[in-house]
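Note sheet for the following structure.
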Amino acid sequence: MSPTDPPFGPLPPPAATPAGNAPQTPPNTPSATAATPIISPVGTPNGTPVGSSTQPHANIADAPEIPGYTITEFIAQGGMGRVFGGMDRQLQREVAIKTLRAGANADRFLIEAKITAQLPHPGIPPVYAIGTLPGNLPWLAMKRIRGQTLEKLLRSRPNPSSDLPKMLVIFEQIAQAVGFAHRHGIIHRDIKPLNVMVGEFGEVQVMDWGLAKSRADSTADTPPESATPPEDLSPAPADLTRPGAILGTPSYLSPEQAAGHSVDARTDVFALGSLLTMILTGHPAYVSPFVGDIVAMARDANLADARNRLLACGCDPELAKLALQLLAPNRDDRPADGHIVAEAIASYRAQLDARLRLAETTAAESRIRNAEQAKRRRLAQIAGGTLVAVLLIGIAGTSWGLWQANLARAAESERANAEAAAKLEAQEQRQQAETARLAAESARQTEAQQRRFAESIADFVQNDILALASSESQIRFARLGSPQLSPNLTMRELLQRAAKRLRNRQDLDPATEAELCWMIGVNFRALGAYPQAIEFLQRSRTIRRHILGPDDPVTLNTENSLAFAMQHSGQVAEAIQLTQQILERQRKTLGPTHELTLTSQDNLGRAYIIADKLPEAIAELEFVRDQRMKTIGPTHEDTLTTLANLGVAFQKQRRFADAAQLFKEVREVRLKTLGTEHPDTLTVTGNLAANYFESGNLQEAIPHFQTVHRASDARLGPDDPASYTAIHNLTAAYLSANRLDDAMPLLEQLPGRAERIFGPLHADTLEALRNLAAAYQKRKQPRQWIATLEILLPRVRQTTGNDSLESLVLLNRLAGAYLMVQQYEQAVPLFESIHPLVRKRFGPNHENTIDTLGNLGQAYLRAKQPEKGLLAIREFIAGQRELLAKQPAALGQVLVDTSRMLLETGQPAAAEPWLRESLGILEKATPKQWTNSGVTIMLGTSLLMQKKLADAEPLLLSGYEGLLAARNAPSPPSAELFRETIDRIIVLYTLQKQPDKVAHWKSQREQWQPPTNPDGKPAPNVDKP
């Protein structure tokens, strides 16, 4: 699958057999959303963004009068014009208004307005209106949202690793916006942090499209003579763009851009690489105090310093590798466009989340055990109090008997005193008995309360959870109109039903409701359903703070569970703040070294890991490790949890050896105490495997991933989330090692497992289907590829809509697969449905719309519907003429490809005029290419098929001579092409009844026969040019 192909580009011809090549289509593309207004502060007309505050010296008295708008403030002034804040009087919305100064170049100003109008994307600022002031000076209005430049955000970081997750999210959004422009034929040519705005709510806008160009414009970026900077330039900012110089910003220039050569989407990809280098190392690709030096470095592709900085910055190897790939000096070695860059960074972030999730289980189970132990201690204390009361009664009775015996032996004279003492003692005994009775009653009440609490929990589990999975319950739900679930009810489905029941229960006492909410919440969290987990844990926290108080250990444990769920739902800052509050209260009430305090501190360290605050994480975790080593020892489960978390932090710091040592220590203890297949052992084994994987040691990683996969399936079952993570990781390792044959059986299991665990529409399920479809396509298994696409397409449509970009791409892919295996009755209706959807989405003149016409025409022709096919093909060629008006060579190639398809489908008369036109174009554009001889042969073939033998003969013969002349070229014609050409000449002379010439050409054909093996079969690969 080629990532460079357009989503709806022309399809290749179908294979001769169903096992042939698959249509070339791009990776899955998320659907574009509605446009997002521009972020303020807007860029000045010369492309330099300004601060958000109004400049104190500004005066709006000389602001221009613009119909329909009220100027409210002056924002900034640059070399080309001014920017004002204003109000749209009709719609009552705030806008930013750009005006151009007299004498400035209006072309870039107008280009920005026209380009952004063609790119409806949330990351690209739209223009609301454009007009002209007196003096023919243009103005434009766009919406204003307050924010700051990425340049300012990057410069404000204390070090490059600070806020790295946030910066990667911003970078992904930039790449998505640039990739959207690339898919619409637009190249930005000046991507840099100063041209990126980040809003108050994290929204990202790629600004300043004044240097952008259309893909249809093939002219090179050749600079004028003044573009070459003098050698003795004085120090200047690296971002300086001088009038008349090379278009773009020196520190972000690609080699081809700096040399003034033609540019394409890969030029922007290089700039994205320099931007990613800036994020990771604090500096762009080229660094020098002199602009001239920077331009020279860019022209020579001098990237040694950037490479050294990336390898030494401490970032994950995947990020450094991606940045270096984007900075490849040869554009052919870079990703094709920004969309592929966005997919790469999104994949990295998803893998990072998965790795952190692996380390989550240990800490979660530890906190649950702590809570249960606390409950058992409270019950033991109550039971102990009851036992003490009973013993007191027994001791008192024994003392009374002994005393009575002594009185019997006393003197008669002391009887009166004895009787008085006996009365006094009897009164004391009655008081003691009453005290014991009250204590026993209190114990019975506590026991009854605990029993009712346990019965309430058990009743809910039995009747509101387990009963929901019974066949009777399923039938009852069906009768009531609820969707009947599968016989194998998943844990997620069961929890969702139980959650609904719990929301509707009004008869529960607060303690029971709090416990049930906690139980449901932690189970949702274990399944990765974080929004539901947070809902129930917040409810439990609210109740327990009310009935137990904010400092009760049970309340604090609930808040820890809530913070843990927040960590993984993207609310990392909120999780850190909550955990810090918990830790502060525990240090005051329990002390800094109490085990519960240390557990919260361990959780804080984990949150810092997720927030990429690694120094803070390591400091917290090392403190907890040292305390637990002293108090509970190195082999205690809580100590092992801390060591594993510390290993994850080391791993993120690329301290792979330190991380491996910790993971090995924890694994060794757990193997001895818990065994090979215990979940905790499997978790740390997975951590060790992931560490090997990230360090590039696949030889060590794969056996450990295999162990975790086999044991997880055996111990937890194939439908446990941890088992899914294990098989997913092993599959990724196989694919990284290019072991597709080993990965294939796992890829075939993943969609079914994901569907049972997460549901049919979950992102993991859809991703598993996408990966399986791509694998079938790569292995040239069209039947299986089609079957997978038939499952995936309706689900994507259900989640993203029928006309989303991904839905349209998948629909086009499925139609192409049907065409490839010659299932025309399925292919034609799909292509017929694609065209109006793409036309509605992109417009009638967009390249995607025009490409679908070509695909539809090909489908009609191969399905033996020539009238419809030729009509669609003519419309396709007319559209390509408009798109490629300034690219004659590209148009010539389109005509050749279309004519080849027409010859294959038996339409030589339709192919003939386009072949003549293309030959004329290509002989001018590429006069020395032997491929022109191939076009000559195709033209001769079209005449031969029409029985125009006299016209065909000179073309076939001259084409053959052209092939002969290119036999020693660096990429010569293939032997197969020679044989095909001679076969056509033989047919020609056979029809002309010239047997001597037929015999001559048959002898000529012998020299192009492929060599054979001893078994008489052709030797492999002999026909490759």
For this session: Filter segment 780-790 down to residues that are assigned to a helix (DSSP H, G or I) and surrounded by 17 or more Cβ atoms within 10 Å (Cβ to Cβ), then give me how many there are.
Result: 5
Exercise. Do we find that Asp300 is in the same structural domain as Val196 (by TED's automatic domain parsing), charged (D, E, K, R) and touching a residue at least 60 places away in the same chain (Cβ under 8 Å) in this structure?
Worked result: no
For this session: Looking only at segment 146-159, count how many residues are part of a strand (DSSP E or B) and acidic (Asp, Glu).
Result: 0
Problem set entry | So Ala726, is it in contact with a Gly (Cβ under 7 Å, 6 or more places away or on another chain) and within 30 Å of Gly675 (Cβ to Cβ) | yes
Problem set entry | Leading residue by the ranking (surrounded by the fewest Cβ atoms within 10 Å (Cβ to Cβ)) among those in segment 755-779 that are of a type in the set (Lys, Arg) and either out of contact with any helix residue (DSSP H, G or I) (no Cβ under 8 Å at 6 or more places or on another chain) or part of a loop (DSSP other than H, G, I, E, B) (or both) | Arg779
Exercise. Tell me, which helices (runs of 4 or more DSSP H) lie completely within segment 249-324 with 3 or more residues that are closer than 20 Å to Leu150 by Cα?
Worked result: 265-281
Problem set entry | Test for Arg242: is it at pLDDT below 90, farther than 19 Å from Ile345 by Cβ and not acidic (Asp, Glu) | yes
Seminar exercise, completed: Every listed condition ((1) of a type in the set (Lys, Arg); (2) buried (at least 17 other Cβ atoms within 10 Å of the Cβ); (3) over 32 Å from the mean Cα position of the chain (by Cα)) holds for Lys672 save (2)
Exercise. Under the condition of being in a loop (DSSP other than H, G, I, E, B) and either modelled with pLDDT of 90 or more or small (Gly, Ala, Ser) (or both), which residue from segment 675-703 is farthest from Glu665 (Cα to Cα)?
Worked result: Gly696
Exercise. Looking at segment 174-201, which of its residues are buried (at least 23 other Cβ atoms within 10 Å of the Cβ), part of a loop (DSSP other than H, G, I, E, B), of a type outside the set (D, E, K, R) and over 22 Å from the mean Cα position of the chain (by Cα)?
Worked result: His188
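The values are calculated or read from the model by the stated rules, or taken from the named source; none is laboratory data. Please read these numbers as outputs of a predicted model, since none were measured by experiment. Because the Cβ atoms are built from the backbone with ideal geometry, glycine has one as well, and the counts that use them run over all protein chains shown.
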